[in-house]
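Structure, as structure tokens:
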Number of protein chains: 2
Amino acid sequence: MSSSAGSPDSGGIPDIAGNGNGSGQPGTAANGRPLPEATIARLPVYLRALYSLSERGVSTVASDELSAAAGVNSAKLRKDLSHLGSYGIRGVGYDVDYLVYQVSRALGLTQRWPVVIVGGGNLGRALANYGGFVNRGFKIAAILDSDRGLIGRRIGDVAVRHVSDLEDVVAMNKVVIGVIAVPAPAAQGVCDRLVAAGVTSILNFAPLVLKVPDGVDVRKVDLSIELQILAFHARRRSAVRVERVPEDEQVPEEESV
Amino acid sequence: MSSSAGSPDSGGIPDIAGNGNGSGQPGTAANGRPLPEATIARLPVYLRALYSLSERGVSTVASDELSAAAGVNSAKLRKDLSHLGSYGIRGVGYDVDYLVYQVSRALGLTQRWPVVIVGGGNLGRALANYGGFVNRGFKIAAILDSDRGLIGRRIGDVAVRHVSDLEDVVAMNKVVIGVIAVPAPAAQGVCDRLVAAGVTSILNFAPLVLKVPDGVDVRKVDLSIELQILAFHARRRSAVRVERVPEDEQVPEEESV
DNA sequence: CGATGTGAAGCAGTTCACAGCG
DNA sequence: CGCTGTGAACTGCTTCACATCG
């Protein structure tokens, strides 16, 4: 593990709270134990719903409404939030803005993390333009590509730089989060360089399993896997329908593998 | 639920097997119970690893190697595969090509599912060009966009059509899977139209929670949520490092309750 | 012998249902 | 009174460890 990774510039929002998890280790629940992984994965969804409420001027929200907006049931929401501390008001609900702050803090988004995106193709561009939400908590330190024809082209408000600048960009901006949006054959090489440069968190869009040393956190987003999971359920659904409805709607439009 | 959805064209690969799950309901394990959701989510990963082995001419693989390639432990792999049937050879391993077939069949990928992509922006284009793997099991029925400037433009080997063709495309191609790659404000509207047209499986890339009727399956891929989860772990890691820096060997000591 | 397939144990996450509090 | 916060029950997934069999 390299030495260059540090904390990004602090947002400097002070801790207002009294009742909750004000001073513990980051990443731990109010009771001192680590936050459940499943809870962590849902906090961003709650946060988005809360921002949306806040923008509409809603100042207070009950667990029923918030959970509906987030697509989960209310018991789960309450338990998730209770891991952060006791931030609700019984008989009333949650203060929207205060909860935004607490959830942001729990996720570590009171800082803005510099992120480097490797790959300036369609996917890299889509990410860079994702705007709005990505920009809450993140800033794009650079978009890198190996295609010299892309260099200098602006995407969002960042210009594409050559991938040879990778190590410089990471060091100069103290980047700890890297996004890999290159074709599969190039991905492991990019990953190795990111890790060597000090990046310890990687979001991988290339369709392969990256090998990384211990202490490096990889998450993958795989477009085709999601489709395949959908296909599985779709087939089950249609099989059930065919089973039940003896209706000859089968149209074999040939196409072999 | 609408009436137009049907099974896609059948691939027509016959069932070779003897020992396993040859004739049961699709989507059920060898024991007749449904496949665990967690298993379904990993099968595509195994499948990719298997394709890779097959292309390299490997004919047999043991659970250790395959599980390593897929990034899981071997017990999990074996249990997952055992849900499909008993397709391994004790003392030897698994026949790669045969397992490719069995996993494909379990996922419903011996058919090629027509998919409609709504949104011809960077994300839609990235999806359409994802190539290779998406094309195993899927074909793009159409890419739709509301921007008339994009109409006719070819992405991969499909031309962009206007979103007003949505209902026609779904009906003509018996599309059951739709991908939403439009900006958030347009997403719910697109979703409603897809559902009304008969689509029952939706892959949503827009950063909001879609409302759909029962019987419609939505999966979401959220670029910013993944980043936020990474940020959480990154912060915990950096906090721990700062905390512990005066490092000596950790003396095993009592953990307080 | 060596790797699969699988009961059994262990763990994590979800849901229930209600006590507790504003 | 109404909604939060939470023990307790439950469900599902993972891991272990070994009997089984080619």
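The values are calculated or read from the model by the stated rules, or taken from the named source; none is laboratory data. Because the structure is predicted, anything quoted here is derived from the model rather than measured. Cβ placement follows ideal geometry from the backbone for every residue including glycine, while neighbour counts extend to all protein chains displayed. Just the protein is used for accessible areas: all its heavy atoms, side chains included, with ligands, DNA and RNA removed. Shrake-Rupley method; radii C 1.70, N 1.55, O 1.52, S 1.80 Å.
Here are the numbers for this structure:
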quantity: Any hit, region B:181-193, residues being touching a His at 6+ places or on another chain (Cβ under 9 Å) and either within 12 Å of chain A (Cβ to nearest Cβ) or not in a strand (DSSP E or B) (or both); calculated: no
quantity: Residue check, A:I151 of a type in the set (V, I, T) and without any contact (Cβ under 8 Å) to a residue 40 or more places away in the chain; calculated: yes
quantity: Verdict on B:L127 being modelled with pLDDT under 95, at the interface with chain A (Cβ under 9 Å from one of its Cβ atoms) and part of a helix (DSSP H, G or I); calculated: yes
quantity: Candidates A:G71, A:G91, filtered to the one that is at positive phi, free of Cβ contacts under 8 Å to residues at least 24 places away in the same chain, within 14 Å of DNA strand C (Cβ to nearest atom) and not assigned by TED's automatic domain parsing to the domain that holds A:N135; calculated: A:G91
quantity: Count - residues of region A:39-57 that are buried (at least 19 other Cβ atoms within 10 Å of the Cβ) and hydroxyl-bearing (S, T, Y); calculated: 2
quantity: Selection from region A:58-87 of residues that are more than 7 Å from DNA strand D (Cβ to nearest atom) and open to solvent by 40 Å² or more (accessible area, probe 1.4 Å); calculated: A:V58, A:S59, A:T60, A:E65, A:A68, A:A69, A:G71, A:N73, A:K76, A:H83
quantity: Residue match in region B:126-136 (condition: polar (S, T, N, Q), surrounded by fewer than 22 Cβ atoms within 10 Å (Cβ to Cβ) and within 16 Å of DNA strand D (Cβ to nearest atom)); calculated: no
quantity: Flag if B:R90 is farther than 27 Å from A:V212 by Cβ and surrounded by fewer than 18 Cβ atoms within 10 Å (Cβ to Cβ); calculated: yes
quantity: Counted residues, region A:211-228 - those being under 18 Å from the mean Cα position of the chain (by Cα), outside any helix (DSSP H, G or I) and not basic (K, R); calculated: 5
quantity: In region B:93-107, residue farthest from the other protein chains (Cβ to nearest Cβ) [restricted to those that are over 17 Å from B:G57 (Cβ atoms) and of a type in the set (A, V, I, L, M)]; calculated: B:V103
quantity: Test: residue in region B:150-157 that is at pLDDT below 95, at negative phi and facing chain A (nearest Cβ under 10 Å); calculated: yes
